[in-house]
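Below is one structure, written out as structure tokens, with a few remarks after it.
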Amino acid sequence: MLQIDSITKTYQGTHAVRDASFRVARGELVCLLGPSGCGKSTLLRIISGLTACDSGTVSIEGVDMTSSPANRRPTAMVFQSHALWSHMNVAQNVGFGLRVRGLPKAEIAAKTAAVLDLVGLSAFAKRLPAELSGGQAQRVALARCLVVEPKVLLMDEPFSALDAHLRKGLREELKALQGRLDLTTIFVTHDQEEAMELADRIVVMQGGQVEQVGPPGALYQNPSTLGVAQFIGAMNTCTSSLRHGAVDWYGVTLRMPLPDGEVALLCRPEDLSIDPNGAAARVARVIDLGPVTKVNLITETGDLLTWTCPRDQAPDLGRVMTLLPRRLHAFRGGALMGLMDVPLPAQAQGATA
């Protein structure tokens, strides 16, 4: 449905987007995810036609749209600010795009009523934007896009100004609606939880570049770069030197079949386990998150470790524990070198041999 090829955009010599490429299938919901300033909103505006790119192409259903103005593209955008006309009621706001296109009044009324029913706002048709809650206003903005029947729906951090509970509810509504309509959607966010919950696939961006594209689970389990690993979910990071197949992990020597050199060892908090051969660390804080407990520990080397465990396994403050990673991601120069499952301490491996 949508094809992005080598898109580049610079502002005063600085790359906002650099050589970005990815594909979006029909009916797929793809999230552009990354920190503020990484180029995701600029890329979305290039797709919509609101911003011109310096090079590259944007194609929709095989048609090159790169030079087409925004009003000639089969796209519609939902903004963070809603951008509703304050002097128009809900129905008038939703039907505005149809009026611009010159549709008959009866058809505009029918289409507007249908889409308001779709987003659960039929009873609010006569209200002004000032009389709506934030969530209702965002539904109006979504309805205004849906009524023009776009081939690609673009959403630029539409829920970021709303409270956490409302954001979660709207995410669930959006995902259900998008699936029911089989609507190709590009959703920009800096919230990794939002991306993981919504997306069929995630495009992770760093510094204007596409770092990795894949399903949420694949990015979480198998990040291809250090930037992706540190941005998707929490990570414990240990920088060490690998020599002759051995590396120090917080005072414990682990065997790793990798070339010598500096290496960053990353481990998910849930991939730590209690082991008598592990690194000693003192419990500094215990945080009850409901279904799981987050534990902050200080190692003997003065580093911070984060461990997540079931509530019934939560340790007491001040307890000294010995922990080992069940899984480690090894990076060098920002690129993934290897993924190791349950590396044993060198002394333990020697005893086993």
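The values are calculated or read from the model by the stated rules, or taken from the named source; none is laboratory data. In this text the structure is predicted, and so the values were computed from the model without any measurement. Because the Cβ atoms are built from the backbone with ideal geometry, glycine has one as well, and the counts that use them run over all protein chains shown. Ligands, DNA and RNA are excluded from the accessible area calculation, which covers all protein heavy atoms including side chains. Shrake-Rupley method; radii C 1.70, N 1.55, O 1.52, S 1.80 Å.
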Sequence of Met155, Met65 from largest to smallest accessible area, 1.4 Å probe: Met65, Met155
Furthest towards positive pole of dipole, Pro310, Gly214, Gln138, structure part the chain, Cβ charges: Gln138
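Just want to confirm a number: the relative contact order over the chain, from Cα pairs under 8 angstrom separated by 6+ residues, in percent.
Numbers: 729 pairs, mean separation 53.6, N = 353.
Contact order relative to length: 15 percent.
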Spin-label pair His244/Asp341, simplified geometry with 7 Å Cα→Cβ offset, distance in nm: 3.0
Efficiency of FRET between Arg326 and Leu258 - r from beta-carbon atoms, R0 30 angstrom, step 0.05: 0.95
Principal axis box of the chain, alpha-carbon based, largest edge first, Å: 83, 45, 35
Inter-probe distance in nm under a simple model that places probes 7 Å from Cα toward Cβ, at Leu304 and Leu181: 4.2
Zone of Asp5's modelled label, taken as backbone nitrogen in segment 15-57 under 14 Å from a point 7 Å along Cα→Cβ: 20-24, 55-57
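Direction-averaged shadow area of the convex hull around the Cα atoms of segment 122-195, nm²? Let's see the in-between values first.
Details: hull surface 21.2 nm².
The orientation-averaged projected area of the Cα hull of segment 122-195 comes to 5.3 nm².
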Whole-Å distance, taken between Cα centres, linking segment 108-131 and segment 22-48: 28
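Work out the length of the dipole vector of segment 224-353 about its Cα centre, built from +1 on the beta-carbon of each Lys and Arg and -1 on the beta-carbon of each Asp and Glu, and round it to the nearest 20 debye. Present the calculation step by step, with values, prior to reporting the outcome.
Details: 11 positive and 12 negative charges, 17 e Å.
The dipole of segment 224-353 has a size of about 80 debye.
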Accessible area of Asp163 in the full protein assembly, 1.4 Å probe (Å², nearest 10): 90
Whole-number percent relative contact order across segment 71-129, with pairs defined as alpha carbons under 8 Å at least 6 apart: 46
Cα centroid separation, segment 237-315 to segment 178-229 (Å): 27
Radius, Kirkwood style, for segment 240-284 when every pair of distinct Cα atoms is counted (Å): 11.8
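Hey, what number do you get for the chain at 222 nm if only DSSP H runs of n ≥ 4 count, each worth -39500 (n - 2.57), divided across all residues, to the nearest 500?
On the way: 9 runs with 91 residues, N = 353.
Per the formula, -7500 deg cm²/dmol.
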Rg to Rh quotient for segment 52-138, alpha carbon positions, Kirkwood Rh: 1.06
Accessible surface of Glu131 - all protein chains present, 1.4 Å probe, nearest 10 Å²: 110
Rel. contact order, % - alpha carbon contacts under 8 angstrom, at least six apart, segment 1-91: 29
Column: log10 I(q)/I(0), Debye, Cα scatterers of segment 1-116, q = 0.18 Å⁻¹: -1.02
Unit charges at the beta carbon, dipole of the chain: most positive-side option, Asn93, Gly62, Cys238: Asn93
Diffusion constant of segment 143-255 at 25 °C, which comes from Stokes-Einstein with the Kirkwood Cα-pair radius and 0.890 mPa s, µm²/s: 147
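Using a 1.4 Å probe on the protein heavy atoms, what percent of the accessible area of the chain belongs to carbon and sulfur? Write out the running numbers ahead of the final one.
Details: 8370 of 16220 Å².
That share works out to 52 percent.
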Residues Lys126 and Ala25, FRET efficiency given R0 of 45 Å [Cβ-Cβ distance, rounded to 0.05]: 0.70
Solvent-accessible surface (1.4 angstrom probe) belonging to Tyr220, in square angstrom, nearest 10: 50
Per residue accessible area in Å² of segment 1-102, where ligands, DNA and RNA are left out and the probe is 1.4 Å: 47
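Near Ala229, within a Cβ-to-Cβ distance under 15 Å, what is the net charge of the other residues, with Lys and Arg +1 and Asp and Glu -1?
Details: positive: Arg268, Arg327, Arg332; negative: Glu211, Glu270, Asp271.
For residues surrounding Ala229, the net value is 0.
Within 14 Å, Cβ to Cβ, of Phe159, how many net charges do the neighbouring residues add up to if Lys/Arg are +1 and Asp/Glu are -1?
Working: positive: Arg139, Arg167, Lys168, Arg171, Lys175; negative: Asp156, Glu157, Asp163, Glu172, Glu173, Asp191, Glu193, Glu194, Glu197.
Within the 14 Å Cβ shell, the charges total -4.
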Charge dipole magnitude, Cβ of K and R +1, D and E -1 - the chain, Cα centre, debye nearest 20: 960
Label-point gap, in nm, between Ala52 and Arg311 - each point 7 angstrom along Cα→Cβ: 5.9
For segment 184-268, size of Cβ-based charge dipole, Lys and Arg +1, Asp and Glu -1, in debye: 320
Accessible area of segment 119-207 divided out per residue, in Å², using a probe of 1.4 angstrom: 41
